[in-house]
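S.K.: My questions will all concern the structure given below.
What follows is calculated from the coordinates using simple rules that are stated; it is not laboratory data. The structure displayed is predicted, hence computed values, not measured ones. In this analysis, Cβ positions are derived from the backbone assuming ideal geometry, glycine residues included, and neighbour counts consider all displayed protein chains.
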Amino acid sequence: MTTATLSSQDTIELFDRYVIPNYGRYPISLVRGEGSYVWDAEGNRYLDLFPGWGCNILGYCPPRVVEAIREQAASLLHVPNTWYMEPQGRFAEFLSERAFGKAFFCNSGAEAVEAAIKLARLHTSEKQHRIITFENGFHGRTFAAVTATAQPKYHQGIGPMLPGFRYAPHGDLDAVRELADDELAGILIEPVQGEGGVNPAPEGFLAGLREIADEHEAVLIFDEVQTGMGRTGSWFGYQQAGVQPDVITLAKGVAGGVACGGILATEELAPSLRPGMHASTFGGNPLAMAAGLATGRTIEEEGLLENVATMSERFRSRLEPLVEELPIVRELRTMGMMIGIDLDVPSTPAVGKCMERGLLLNATHDTVIRLLPALNVTAEHVDEGCEILEAVLREMQDEL
Ligand SMILES: *Cc1c(COP(=O)(O)O)cnc(C)c1O
């Protein structure tokens with residue numbers, strides 16, 4: 001039941017010939033998806049608990065989003081931002097009513113981070129330009145975003161990096177106080193580090209950053225590219241932390257799998273991104289906006305924030321006993337549908353073994369197995385996935 005005309009091997013040969021090899025890819029060509037399942041060109045089915053690297057926040061081809069895309073594509077695909085267009089206004093309204101402020105739209109997470117950094121520098125005084133970010137954070141691959149990403153492996157060979165960035169250890173308020181001076185424009189942090197291994201900010205840390213930013217009249221930016229749109233069980237991660245940022249960045253799942261990024265900035269900051277200072281040709285296009293609105297409405301009307309809490313608890317109760325029982329399982333970290341299982345051994349082999357048994361997960365930060373399940377994941381999916389994962393971890397423990 002595939003629509004593909006090429007085998008995985010044929011597609012791999014096309015890539016070898018024509019596509020720049022900047023990604024490590026699994027030797028499988030995916031052709032079709034539905035909910036939390038995806039099929040390859042050979043007709044094999046996988047349970048995907050990491051669908052679309054977190055972008056497919058409602059799983060593959062969510063019907064209401066697909067329908068919204070069809071309708072929008074048939075009436076207006078793209079118009080530039082020299083015009084008004086209803087879908088952009090409506091999606092901005094939807095996001096603002098569940099968060100705060102005003103929206104600017106772009107197409108990716110890195111672009112959202114770029115916009116937030118520019119806004120921080122624009123909004124603060126002439127001499128304020130410095131941005132503080134955190135070790136093991138991740139903010140994307142464009143030059144400002146990758147400079148903000150305080151991980152040396154992403155900087156190797158592409159220097160010099162952008163000036164004006166300072167890095168602090170995650171969780172160390174004293175270090176931030178030391179780095180903060182009258183040149184500080186902004187502090188940028190993920191409420192829960194994603195790529196860095198699913199690390200929630202320590203208790204009180206985000207509130208401390210809020211204070212430091214206020215003391216220096218600097219901008220507090222939360223990178224919610226991964227935590228946003230219901231992922232953690234509230235609309236946005238900052239709401240669970242109980243700390244109000246000045247700007248949040250959005251992308252990944254925000255439009256249910258269609259390329260879309262954006263920022264929300266407070267009413268006070270918003271005017272600083274003034275006409276002529278920033279733009280994005282495709283940003284806020286009707287197609288992405290219609291997909292985003294359908295994604296948001298689905299989350300709301302299907303009660304998926306509650307489902308995140310229920311299913312997160314189910315994952316936790318299935319996986320927590322393994323921490324006690326298997327010495328290779330060091331720690332379980334969960335924030336809604338962001339789940340990290342920290343091992344005592346590299347996580348890549350575990351992810352490979354799961355894939356052989358039809359379960360897709362992600363290996364990040366050397367030893368962490370990361371799950372970003374769809375918000376509409378069911379109890380059956382959780383049980384099926386945990387069973388495979390548990391069997392694989394037991395096998396690895398036994399083989400040691
Ligand atoms: C993925 C990610 C980004 C980068 O998003 P792109 O769309 O790949 O540019 C930025 N910040 C965070 C927190 C992310 O998880």
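S.K.: Would you kindly state how much longer the chain becomes between E395 and Q9 on full extension, computed as 0.36 nm times their sequence separation minus their alpha carbon distance, in nm to one decimal?
M.R.: 136.0 nm
S.K.: Is the shape of region 1-78 best called rounded, prolate or oblate, per the rule: a/c under 1.5 gives rounded, else a/b larger than b/c gives prolate, else oblate, with a ≥ b ≥ c the square roots of the Cα gyration tensor eigenvalues?
M.R.: prolate
S.K.: Find, to one decimal place in angstroms, the Kirkwood hydrodynamic radius of the chain, where the mean of 1/r is taken over every pair of different Cα atoms and then inverted. Can you show the working numbers first?
M.R.: Working: mean 1/r = 0.0457 Å⁻¹.
Value: 21.9 Å, from the Cα pair sum.
S.K.: Tell me, what is the Rg over Rh of region 63-301, with Rh the Kirkwood radius over Cα pairs?
M.R.: The Rg/Rh ratio comes out at 0.97.
S.K.: Measure off 7 Å from each Cα along the Cα-to-Cβ vector at D344 and R177, then give the distance between these two points in nanometres to one decimal.
M.R.: 3.8
S.K.: Using a basic spin-label model with each label point 7 Å from the Cα along Cα→Cβ, how many nm lie between E356 and R330?
M.R.: 2.5
S.K.: Give me the three principal axis extents of region 1-44 from the C-alpha atoms, as integers in angstrom, largest value leading.
M.R.: The Cα atoms of region 1-44 stretch 30, 20, 12 Å along their principal axes.
S.K.: What length, rounded to one decimal in nm, is gained on full extension from R297 through to L76, with 0.36 nm per residue of separation minus their alpha-carbon distance?
M.R.: Once the chain is fully extended between R297 and L76, it gains 77.5 nm.
S.K.: How would you classify region 19-135 from its alpha-carbon gyration tensor, with a ≥ b ≥ c the square roots of the eigenvalues: rounded for a/c under 1.5, else prolate if a/b is greater than b/c, otherwise oblate?
M.R.: Verdict is oblate for region 19-135.
S.K.: Further question on the same structure: In whole Å, largest first, what are the principal axis extents of the Cα atoms in region 104-217?
M.R.: That works out to 34, 33, 29 Å along the principal axes.
S.K.: Hey, another quick one. Suppose each label sits 7 Å from its Cα in the direction of the beta carbon; what would the Q156-A207 distance come out to in nanometres?
M.R.: Reported label-point gap for Q156 and A207 is 4.0 nm.
S.K.: Okay, next question. For a protection proxy built on the mean count of beta-carbon atoms within 10 angstrom, sort 248-260, 318-330 highest first, please. Working shown, then result.
M.R.: On the way: 248-260: 27.2, 318-330: 15.4.
Ranked from most to least packed, the peptides come out as 248-260, 318-330.
S.K.: At a 10 angstrom cut-off on C-beta neighbours, averaged per residue, how do the peptides 355-363, 112-120, 18-26 rank from highest to lowest? Numbers along the way, then the final one.
M.R.: Values: 355-363: 17.9, 112-120: 27.2, 18-26: 8.1.
My ranking of the peptides, most packed first, is 112-120, 355-363, 18-26.
S.K.: Compute the separation of the alpha-carbon centres of region 227-286 and region 373-395 and state it in Å as a whole number.
M.R.: 31
S.K.: Could you calculate the FRET efficiency of S96 with E320 from 1/(1 + (r/R0)^6), where r is the beta carbon distance between them and R0 is 45 Å, rounded to 0.05?
M.R.: Calculated value: 0.75.
S.K.: Label region 30-71 by shape, choosing from rounded, prolate and oblate, from the square roots a ≥ b ≥ c of the eigenvalues of the Cα gyration tensor; if a/c is under 1.5 it is rounded, and otherwise prolate applies when a/b is larger than b/c, oblate when it is not. Before the final figure, lay out the partial values.
M.R.: Numbers: a/c = 2.63, a/b = 1.52, b/c = 1.73.
Since a/c reaches 1.5 but b/c is at least a/b, the shape of region 30-71 is classed as oblate.
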